[in-house]
Amino acid sequence: MRQTRGVREIHVIGIGAGDPDQLTLQAVKALRSTDVFFLLDKGEVKGDLIRLRRDILDAHLPAGSYRVVEARDPERDRKAGGAAYAPAVGDWRGARAGIYERLIAEELDEDGTGAFLVWGDPTLYDSTLAVLEEVRERGAVEFAYDVVPGVSSVSALAARHRTGLNRVARPVQITTGRRLAEGGFPEGVDDVVVMLDAHQAFRRFAEDDMDIYWGAYIGTPDEILVSGPIAEAGPRIERLRAQARERKGWIMDTYLLRRGSARDGRGQDRPARPR
């Protein structure tokens with residue numbers, strides 16, 4: 001009797017912005033149904049990102065009930081700008097797709113379940129879903145996948161600053177530091193969330209009537225929060241950001257720019273929450 005061929009299953013699991021308590025019940029359920037976890041190593045400098053993922057697995061899964069397979073994440077040309085930016089990202093995604101393809105084909109049984117643990121939420125400024133679609137389009141390995149949403153750094157940022165992302169009857173826009181630097185403050189909105197800003201584009205708005213709600217390493221013991229008018233808070237952010245990057249070798253930060261908001265007296269540095 002001919003046996004039915006199994007189908008590989010992949011979970012793309014959002015694990016929150018850094019706090020292990022942000023893991024959802026749906027995410028825990030997905031973890032417990034996974035045989036192999038694929039972790040991409042970004043090098044020694046960002047080794048604590050791998051450790052945090054392993055801590056999550058240790059906290060929720062019995063020892064010996066799963067495997068972890070690590071691979072080195074390909075380097076992206078971060079100096080590419082302007083017209084060269086999109087091709088550089090495309091090359092990087094293509095290199096990642098090759099790694100994903102190999103991991104799924106070689107490390108996962110045909111009826112097995114694998115998982116990628118995604119920082120924050122997989123649907124917001126993360127490449128995992130696009131890379132998996134590229135792997136499927138290549139056709140060399142067959143699999144199905146689902147997506148488990150997570151607490152994004154954007155949601156965590158607003159919660160930690162005790163503010164909403166939008167105001168009554170007003171829109172909010174999410175963009176990148178590169179787009180903000182190239183195109184200026186978006187038209188038609190007063191509340192803009194900025195991600196992936198390596199060059200602190202908020203500095204160009206220091207003379208405007210605008211507040212900033214900034215956070216780095218949100219949800220981790222290294223968390224830093226600053227809020228207030230950009231003219232006052234901006235220099236503090238620059239100083240703290242430089243110190244943190246020097247100390248850890250990397251930084252992940254996000255911020256909300258709010259035009260014409262009422263001052264609430266909360267423009268102070270805040271340390272990481274107790275652990």
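The values are calculated or read from the model by the stated rules, or taken from the named source; none is laboratory data. In this text the structure is predicted, and so the values were computed from the model without any measurement. Note that we place each Cβ from the backbone using ideal geometry, even for glycine, and neighbour counts take in every protein chain shown.
Numbers below:
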{"item": "Restricting segment 66-87 to residues that are surrounded by 11 or more Cβ atoms within 10 Å (Cβ to Cβ) and assigned to a loop (DSSP other than H, G, I, E, B), the residue that is modelled with the highest pLDDT", "result": "Tyr66"}
{"item": "Residues of segment 103-135 classified as surrounded by fewer than 18 Cβ atoms within 10 Å (Cβ to Cβ) and without any contact (Cβ under 8 Å) to a residue 12 or more places away in the chain, total", "result": "2"}
{"item": "Residue within segment 248-263 that is assigned to a helix (DSSP H, G or I) and not assigned by TED's automatic domain parsing to the domain that holds Pro20 present", "result": "yes"}
{"item": "Matching entry among Asp48, Asp21 (being farther than 26 Å from Glu106 by Cβ, at pLDDT below 85 and part of a helix (DSSP H, G or I))", "result": "Asp48"}
{"item": "Test result for Thr123, of a type in the set (Ser, Thr, Tyr), assigned by TED's automatic domain parsing to the domain that holds Gly219 and at pLDDT 95 or above", "result": "no"}
{"item": "Residue check, Leu132 part of a helix (DSSP H, G or I), touching a strand residue (DSSP E or B) at 6+ places or on another chain (Cβ under 7 Å) and farther than 16 Å from Gly219 by Cβ", "result": "yes"}
{"item": "Residue in segment 165-175 that is over 26 Å from Gly228 (Cβ atoms) and within 20 Å of the chain's Cα centre (by Cα) present", "result": "no"}
{"item": "Enumeration of residues in segment 21-51 that are touching a His at 6+ places or on another chain (Cβ under 9 Å) and not hydrophobic (A, V, I, L, M, F, W, C)", "result": "Arg32, Ser33, Thr34"}
{"item": "Every residue from segment 169-221 that is surrounded by 15 or more Cβ atoms within 10 Å (Cβ to Cβ), at positive phi and not hydroxyl-bearing (Ser, Thr, Tyr)", "result": "Gln200, Gly219"}
{"item": "Residue satisfying all of: in segment 137-168; under 13 Å from Leu124 (Cβ atoms) and of a type in the set (Ser, Thr, Tyr); surrounded by the fewest Cβ atoms within 10 Å (Cβ to Cβ) among these", "result": "Ser155"}
{"item": "Segment 136-153, residues that are hydrophobic (A, V, I, L, M, F, W, C), in contact (Cβ under 8 Å) with a residue 40 or more places away in the chain and over 10 Å from Val12 (Cα atoms)", "result": "Val141, Phe143, Ala144, Val151"}
{"item": "Residue list for segment 143-170, restricted to those being of a type outside the set (Ser, Thr, Tyr), at pLDDT 95 or above and not in a helix (DSSP H, G or I)", "result": "Phe143, Ala144, Asp146, Val147, Val148, Pro149, Gly150, Val151, His161, Arg162, Gly164, Leu165"}
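Quick grid of which residues meet (1) under 21 Å from the mean Cα position of the chain (by Cα); (2) at pLDDT 95 or above; (3) surrounded by 12 or more Cβ atoms within 10 Å (Cβ to Cβ); (4) within 18 Å of Arg204 (Cβ to Cβ):
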{"site": "Pro229", "(1), (2), (3), (4)": "no, yes, yes, yes"}
{"site": "Ala233", "(1), (2), (3), (4)": "no, yes, yes, yes"}
{"site": "Leu240", "(1), (2), (3), (4)": "yes, yes, yes, no"}
{"site": "Gly249", "(1), (2), (3), (4)": "yes, no, yes, no"}
{"site": "Tyr255", "(1), (2), (3), (4)": "yes, yes, yes, yes"}
{"site": "Arg263", "(1), (2), (3), (4)": "no, no, no, no"}
{"site": "Pro271", "(1), (2), (3), (4)": "no, no, no, no"}
{"site": "Pro274", "(1), (2), (3), (4)": "no, no, no, no"}
